[in-house]
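Worksheet: one structure, shown below.
Every read-out reported here was derived from the displayed coordinates using simple, explicitly stated rules and does not represent laboratory data. Since the model is a prediction, treat every value here as computed from it, not as a measurement. For neighbour counting, all protein chains shown are included, and Cβ atoms are generated from backbone atoms with ideal geometry for every residue, glycine included.
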Amino acid sequence: MSAKTTKVESTKSTKTAPKAKAKKANPKAKKPAKKSLLAKTKTGLRKPQIRILQCLAKSRKALSRKEIAEKAPVDVAGCVEWIGSSDPETRASNDAKHFDSLITLRAVKFSLPVEGNGEAYEITSLGRKMLDKI
């Protein structure tokens, strides 16, 4: 025998099992969750609350709920939860059910009533500081 040995490759083919077909993903199974319009922001405020604060900051006078709802596109009925009720007991109850209102957070305060429109609200210095953090 010679000093050189050669490798002999086998000509046998190896059979592999056929690959299983990949299952199609169910499109309804894992849809990304829709973001709520009431999602919290970095400051802990809801987006409508931020729009209300921005609206009050731009205004030079106190605004009623109706005026706030028009200028900061929010629902008038939702203002009870976002701004807060004038009745302390109702406000405390709503804050416990949902989230703290702007009055509870001391970002908004009651002002002198607007002519014939009932309650009016204006932004406080704390509310302006909250806007600066956004």
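Using the Cα gyration tensor of region 47-133, with a ≥ b ≥ c the square roots of its eigenvalues, what is the shape: rounded (a/c below 1.5), prolate (a/b larger than b/c) or oblate (neither)? Since a/c stays below 1.5, the shape of region 47-133 is classed as rounded. The amide H of ARG106, built 1.01 Å from its N in the peptide plane, has no neighbour under 5 Å, considering only residues 5 or more places off or on other chains.
Exposure proxy ranking for ARG65, ARG106, based on other Cβ atoms within 10 angstrom of each Cβ and starting from the fewest, stands as ARG106, ARG65.
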